[in-house]
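Asks: The following block contains the structure, expressed as structure tokens.
The values are calculated or read from the model by the stated rules, or taken from the named source; none is laboratory data. Treat the numbers as computed from the prediction; the structure is a model and nothing was measured. Note that each Cβ is placed from the backbone with ideal geometry, even for glycine, and that neighbours are counted across all protein chains shown.
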């Protein structure tokens, strides 16, 4: 393709709407354009890279024996109603009625539909079976951002495995795990695999493929000592009592604390560490009100709390509800005297003694409070967020926290959906059993953005060869020099004839403009045709290096072939 | 792939819901499954053929220099409001609001969005430009039917060309025309290209690619004599006065016609041919009421009428409106005394004299009516449907009517969308001009169904080699015979190693079942491994022929390669 003909509207300025490097570069290099909040179109150069990622995924999926198909994006409500997710997805699901008033949604993920489809299988002989699709998904995110990183319409590869039993699931899951590693390796990503919460998807185990990046929205807890890594939502905390447990005071005691609401206010007022306080938070869990307690310096992990409660929606109660339940303003809730409400206490709080809590009375706190003596928890659980410096639950090492972009996610679903939708098979003895399922997703647009986050410099994108929109750009330095133009054309044609994805910058532009654009769009190999073409010599430069080699034309073309061959590019 | 592992849920019985052969076979051969009315999933075998068609289209598009990209399916209302199509699409458009109450639709076609995107181009140097996508489209059809033939979610290749002027458009259009011919040729389709109405899309010219088929929903008028072919919606009628024009009667005359409402009633009552009557139909054209007149034996062509009126919605007026306008029940409308209403008269009616019309009085007609003398038409136009036996407007030959499946459609849009959305460029002199556009669509799912309509027999599908899900099926006759199983396995592996898409029917089934399934799913080449494998001989059979050849294994494999090579298959 000739650069003069490609639709690649590059931008000189950094668009003000874009906060992250990948978003900025995807706009500047003409890869994507925004159509609405969280909704983007892929322009030709972006589309080419997108397709390469898709091909790598397809190749790795097919190698596992998974079979590709394609479900619709518009889906009837009934399947989601059967699984309970019509409610669970809440306002994240795009919903509408058709002309006959029937309820539909835009599929946020397809567990229900694959389960429904596979129901036609009745015999154990047809299992195991793994099906996948590369298909458009929809989630009406509260806060779409970072361009295609958190979008409302995006393309996902989603696979679903169906096995006879848990051992089969383990095997299918392992195959997918390996295929994912291979896929992200081939995409040139530096990633880690972390344990993840199974949350609303249900199931028995789950891992995320995380690309470490400052802009990642996921927090990862990891331990350098033992290699443990988990999403903060999931990472287990252990109860450690840093303070020596002092003898339990016989009486707790009401203290007037006017205008003291935050933990900072409290530590100042009482002159002690925030570790001496226990926060009580009032939540609405579906239609039930509950209280959750963590140490003053900790945060409630709502995922853990939600999993413990088994509720669909969990949110902090509004001030009116807090007033109704505690008889006090927000900031003065406490466990003592809080009746008719379940109080879930974090493991760590259970190790504390003589601590300070809200008094359920605006302007008052209670000190020297002790569990069992002063109130009875309905459950003691790990419900707090792990933080940097905590002890590793596996090895007692020290936890570090990093940010990650979730590009892939694999789940052991078990029989949640097969039970809900009656997806059963007959075993060797003719006995009905539910199929045991797994599900496996890769966000393609997000993977593309993550690759840019990890592969760029101040001048632009540095595409890994395997996913570059084109492999080589041929640039004649001076368009007015006929020999340079002719030689460039010849090299370009030779590359194309050899099946190499090349573009020719045939524009009547200054060399500076051409070099700048080539760097911005990140083509891995640049061949520059300048004055030395008289001696049959061109410049060969890789985008990811500053080295410039002078090679004769044949050497240069051979080197191009060698470089491409050394990368695990998808087949055309 | 081994047949025992492929997810192909075949059906023995013809599903009662399926009226057409392609719908029946797509269900029976396990290519698709219905998820909701007009919404289907493509199962693995269906998906493979779907992808082959997609690849053929992509190859032919790329050869023209068109560039692929990918727009979203969820689209903000504003672009369609700007073009006026937010209203025009009516209830065919799926609409919904996002969580912030903003209006969106599921794109039925993307003219607006491509126009909006290409606006970034400012210079004539970047034109011509043709962009395309292969993307999911949505139309909430009043009557989805025939499986994927008229579905509510379907995949379309839609291309849009942007040119400096009409000459440029003509060239882009011609390129697409040729690419479409090549595409449908490669898909093994027998089709004709017909002139089509430009209708709601606007524009100056349009052609449809029609696969002739009894089940086709489009009616095509064609002339064997001169080669003329057009959609009936579009096909021009000429005015011919079959009756000799008798001298105009001086007075028209009211006749009581109790209980005479239909044309059949009238011809009986008056004892003359239906050609002596002129029907007057009352229409609602947007918010205006109009009358349309055609000869008694003719049908109004609503597309022609709508184009003449330039309205967005055209529908027959309800009985209340007819009563209000004509003072009579439906069946007695006529032009005489019909005031304050435009009367559009068909060309043919304008040639009539002394004809009979409704009297605008329930139970009465008027005879000996003549135009100008008795009423004044507001327009005389070709507004009737052409029918079999009419004269060809080009050569005076005789028109025939056939049914066709519209698989492709190409349009010269002109500047309708570039004007509406301000898509302008600067010409060589720095003068602003609107880009001149064309648009070009292929329905992929429908193409697949059309291929089956034209390629099947009583036993199942007969896939053309170019789009077959797999090219060869290897069938061991007796799974209990180890030599047959081993040889089959070896042939299967050799075929795969040679890059041939082969499947092996490794199921423990009777040969009859295997042959039946192979015929049903329509694999083009069958290699049967039976007793003669002891002499290294197998049977070679093409699905589209009853000939069975006995060949030695090497010959058979060579012949497979030769057959595949002789077809213009898409590249893997």
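Asks: Could you tell me which of the residues B:122, B:142, B:58, B:85 is closer than 30 Å to residue B:164 by Cβ, modelled with pLDDT under 95 and under 22 Å from the mean Cα position of the chain (by Cα)?
Replies: Details: B:122 fails: under 22 Å from the mean Cα position of the chain (by Cα); B:142 fails: closer than 30 Å to residue B:164 by Cβ; B:58 fails: modelled with pLDDT under 95.
Answer to the check: B:85.
Asks: On the given criteria, is residue A:138 more than 9 Å from every other protein chain (Cβ to nearest Cβ), in contact with a strand residue (DSSP E or B) (Cβ under 6 Å, 6 or more places away or on another chain) and touching a residue at least 60 places away in the same chain (Cβ under 8 Å)?
Replies: Judged against the criteria, residue A:138 is not a match.
Asks: Here are A:67, A:24: which of them is closer than 29 Å to residue A:146 by Cα and modelled with pLDDT of 95 or more? I'd like the intermediate steps shown before the answer.
Replies: Numbers: A:67 fails: closer than 29 Å to residue A:146 by Cα.
The unique qualifying residue is A:24.
Asks: Within segment B:399-453, count every residue that is under 16 Å from residue B:168 (Cα atoms) and out of contact with any helix residue (DSSP H, G or I) (no Cβ under 9 Å at 6 or more places or on another chain).
Replies: Residues flagged as under 16 Å from residue B:168 (Cα atoms) and out of contact with any helix residue (DSSP H, G or I) (no Cβ under 9 Å at 6 or more places or on another chain) within segment B:399-453 amount to 1.
Asks: Can residue B:107 be described as on the phi > 0 side of the Ramachandran plot and at pLDDT 95 or above? Please lay out each step first, then the result.
Replies: Numbers: on the phi > 0 side of the Ramachandran plot: no; at pLDDT 95 or above: yes.
It is false that residue B:107 is on the phi > 0 side of the Ramachandran plot and at pLDDT 95 or above.
Asks: Also, quick follow-up: Of all residues being within 10 Å of chain A (Cβ to nearest Cβ), in contact with a helix residue (DSSP H, G or I) (Cβ under 7 Å, 6 or more places away or on another chain) and in a helix (DSSP H, G or I) in segment B:110-133, which is nearest to residue B:74 (Cα to Cα)? Just the residue, please.
Replies: B:113
Asks: Do the conditions hold for residue A:213, that is, is it at pLDDT below 95 and touching a helix residue (DSSP H, G or I) at 6+ places or on another chain (Cβ under 6 Å)? Talk me through it step by step, then tell me what you get.
Replies: Values: at pLDDT below 95: yes; touching a helix residue (DSSP H, G or I) at 6+ places or on another chain (Cβ under 6 Å): yes.
Against the criterion (at pLDDT below 95 and touching a helix residue (DSSP H, G or I) at 6+ places or on another chain (Cβ under 6 Å)), residue A:213 qualifies.
Asks: Kindly provide the set of residues from segment B:275-302 that are over 14 Å from residue B:346 (Cβ atoms) and either in contact (Cβ under 8 Å) with a residue 12 or more places away in the chain or in contact with a strand residue (DSSP E or B) (Cβ under 8 Å, 6 or more places away or on another chain) (or both), ordered by number.
Replies: B:276, B:282, B:284, B:285, B:286, B:288, B:289
Asks: Next question, about the same structure. May I ask you to list the residues in segment A:134-145 that are part of a strand (DSSP E or B) and closer than 26 Å to residue B:99 by Cβ?
Replies: If we filter segment A:134-145 for residues that are part of a strand (DSSP E or B), which is where we start, we get A:134-138, A:145.
Of everything in segment A:134-145, those that are part of a strand (DSSP E or B) and closer than 26 Å to residue B:99 by Cβ turn out to be A:135, A:136, A:137, A:138, A:145.
Asks: Within the bounds of segment A:244-253, is there any residue that is at pLDDT 85 or above and either on the phi < 0 side of the Ramachandran plot or buried (at least 22 other Cβ atoms within 10 Å of the Cβ) (or both)?
Replies: To start, the set of residues in segment A:244-253 that are at pLDDT 85 or above comprises A:253.
Within this subset, residues satisfying the condition of being either on the phi < 0 side of the Ramachandran plot or buried (at least 22 other Cβ atoms within 10 Å of the Cβ) (or both) are A:253.
Yes: segment A:244-253 contains one or more residues that are at pLDDT 85 or above and either on the phi < 0 side of the Ramachandran plot or buried (at least 22 other Cβ atoms within 10 Å of the Cβ) (or both).
Asks: Now for a separate question. Inspect all residues belonging to segment B:147-163 and state whether any of them is over 18 Å from the mean Cα position of the chain (by Cα) and away from chain A (no Cβ under 13 Å).
Replies: Initially, segment B:147-163 is screened for residues over 18 Å from the mean Cα position of the chain (by Cα), giving B:160-163.
If we keep only those that are away from chain A (no Cβ under 13 Å) as well, we get B:163.
The answer is yes, given that some residue of segment B:147-163 is over 18 Å from the mean Cα position of the chain (by Cα) and away from chain A (no Cβ under 13 Å).
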